[in-house]
Amino acid sequence: MDTTAEIEFITGDLTLELTDAIVNPAGPGLVDLAIRRAAGPMLLEELHWKLFERGERKLRPGRAIVTHGFGLAAPHVIHCGPPVYFDGPEIARAELVSCHVEAVRLARAAGFASVSFPAIEIYAFHFATAPGTFGRDRAPAFADSYYMATNEPQVARAGGITLYTLRNGTWERRRVWRKANGKSLQYGLAMGDLDGDKLDDIVFPDSEERRLRIFFQQPDGTFLEAAEKDEPALDSPGQCVRIADIDRDGRPDLVLSKTVSAVRPEDVGGWDVYLNRR
């Protein structure tokens with residue numbers, strides 16, 4: 001590599017790139033998982049051995065190390081320790097810069113003529129799903145709780161609930177709820193007809209707002225949230241929610257299990273039952 005290297009932006013499968021090396025944002029992410037699956041077990045074995053030789057148990061943020069590619073199309077992999085955003089945005093930004101600088105430095109030292117970088121630190125996680133139906137024809141559907149983020153070109157976070165419906169062999173997607181820069185993840189999610197209109201509604205505990213949020217499905221396909229005063233308040237973070245007719249009166253009720261936050265010792269945890277009085 002030299003200082004006149006060209007930069008090309010492409011969309012494709014990183015594991016199939018034919019460059020001298022690909023860069024792996026090593027850590028709990030889907031890019032790292034895809035690379036390890038394609039390369040085979042020897043990749044992780046060599047990485048652990050090289051870390052052992054350096055006296056390290058894991059790759060620290062901002063550091064990098066080179067291994068062979070094994071089952072990958074590229075003959076080598078440059079593993080980078082991605083930033084840890086719990087350390088604060090300024091530290092994380094410096095660690096992210098260090099990832100790229102270290103990768104280029106190692107590539108130059110190894111004499112690589114070409115390197116493929118992924119979009120480091122762009123990721124999405126899905127924490128809960130709940131089966132149900134959509135519309136008067138009760139088409140198969142499920143609600144999905146997601147959290148997505150990127151650290152480049154600037155830090156951005158968003159979480160929400162999406163409904164996927166299967167019609168004519170194709171999955172349709174509808175946004176139910178979305179929140180930017182939220183501070184909690186939605187682990188609990190349930191679908192069921194709470195108001196007796198034969199349309200499945202969506203319920204999930206919002207641990208940041210400390211209330212059980214209820215979205216009623218409307219005949220036009222939209223979802224309308226219940227008034228805040230009608231949504232049960234939470235004294236602890238919600239972990240799992242289920243819809244069931246607890247008192248056998250023919251109306252579905254809500255059962256919520258709760259956990260305890262490490263930063264709120266006053267949380268009580270346990271569980272709550274909310275009987276349907278509609």
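The values are calculated or read from the model by the stated rules, or taken from the named source; none is laboratory data. Please read all numbers here as calculations on a predicted model, not as lab measurements. As a convention, Cβ positions derive from the backbone with ideal geometry for all residues, glycine included, and neighbour counts pool all protein chains shown. Quick note on the areas: whole protein, heavy atoms, side chains included, nothing else; ligands and nucleic acids left out. Shrake-Rupley method; radii C 1.70, N 1.55, O 1.52, S 1.80 Å.
Once the whole set of protein chains is in place, how much accessible area is left on E225, using a 1.4 Å probe, in Å² to the nearest 10?
Approximately 50 Å² of E225 is accessible to the 1.4 Å probe.
If the rule is a partner Cβ under 4.7 Å, which cysteines in the chain fail it?
C240
State whether the range 11-87 is rounded, prolate or oblate according to the following rule on the C-alpha gyration tensor (a ≥ b ≥ c being the square roots of its eigenvalues): a/c under 1.5 gives rounded; otherwise a/b larger than b/c gives prolate, and the remaining case gives oblate. Could the numbers behind the result be given before it?
Working: a/c = 1.94, a/b = 1.30, b/c = 1.49.
Because a/c hits 1.5 or more and a/b fails to exceed b/c, the range 11-87 counts as oblate.
What ranking of E46, E266, E8 comes out by heavy-atom accessible area, probe 1.4 Å, highest first?
Details: E46 30, E266 110, E8 150 Å².
Sorted by accessible area, descending: E8, E266, E46.
Can you give the Rg to Rh ratio of the chain, both from alpha-carbon atoms, with Rh computed by the Kirkwood formula? The partial results should precede the final answer.
Working: Rg = 23.6 Å, Rh = 21.8 Å.
Answer for the chain: 1.08.
With a 1.4 Å probe and every protein chain left in place, tell me how much accessible area V255 has, in Å² to the nearest 10.
Its accessible surface works out to 40 Å², give or take rounding.
I need the shape label for the range 204-278. Rule: rounded when a/c is under 1.5, else prolate if a/b > b/c, else oblate, with a, b, c from the alpha carbon gyration tensor.
Working: a/c = 2.54, a/b = 1.46, b/c = 1.74.
Here the range 204-278 falls in the oblate category.
Report, as a whole number in µm² per second, the diffusion coefficient that Stokes-Einstein gives for the range 1-51 at 10 °C and 1.306 mPa s using the Kirkwood radius over alpha carbon pairs.
Details: Rh = 12.8 Å.
Using the Kirkwood radius from Cα pairs, D works out to 124 µm²/s.
What number, in nm² with one decimal, is the all-direction average of the projected area of the convex hull of the alpha-carbon atoms of the range 179-248? Don't skip to the answer; put the middle values down first.
Numbers: hull surface 22.2 nm².
Projected area, direction-averaged: 5.6 nm².
Leaving ligands, DNA and RNA out of it, report the carbon-plus-sulfur percent of the accessible area of the range 1-83 at a 1.4 Å probe.
Values: 3010 of 5110 Å².
Of the solvent-accessible surface of the range 1-83, carbon and sulfur hold 59 percent.
How many Å² of accessible area per residue for the chain, probe 1.4 Å?
Values: 15810 Å² over 278 residues.
Here the residues of the chain average 57 Å² of exposed surface.
With every protein chain present, what accessible area does R105 have (1.4 Å probe, heavy atoms only), rounded to the nearest 10 Å²?
120
Suppose only helical runs count, i.e. DSSP H with n ≥ 4. What mean residue ellipticity at 222 nm does that imply for the chain under -39500 (n - 2.57) per run, divided by all residues and rounded to the nearest 500 deg cm²/dmol?
Numbers: 3 runs with 45 residues, N = 278.
When only DSSP H runs of four or more count, the value is -5500 deg cm²/dmol.
Tell me the label-point distance for the pair F127, A113, using the 7 Å Cα-to-Cβ offset, in nm and rounded to one decimal.
Result: 4.8 nm between the two label points.
Using a/c under 1.5 as the rounded threshold, could you call the range 132-257 rounded, prolate or oblate? The axes a ≥ b ≥ c are square roots of the C-alpha gyration tensor eigenvalues, and prolate needs a/b larger than b/c, oblate otherwise. Walk me through the numbers before you get to the answer.
On the way: a/c = 2.15, a/b = 1.19, b/c = 1.81.
Oblate, because a/c is 1.5 or more while a/b does not exceed b/c.
Whenever you get a sec, compute what percent of the accessible area on the range 128-278 sits on carbon and sulfur atoms (1.4 Å probe). It would help to have the intermediate numbers written out before the result.
Numbers: 4140 of 8100 Å².
Of the solvent-accessible surface of the range 128-278, carbon and sulfur hold 51 percent.
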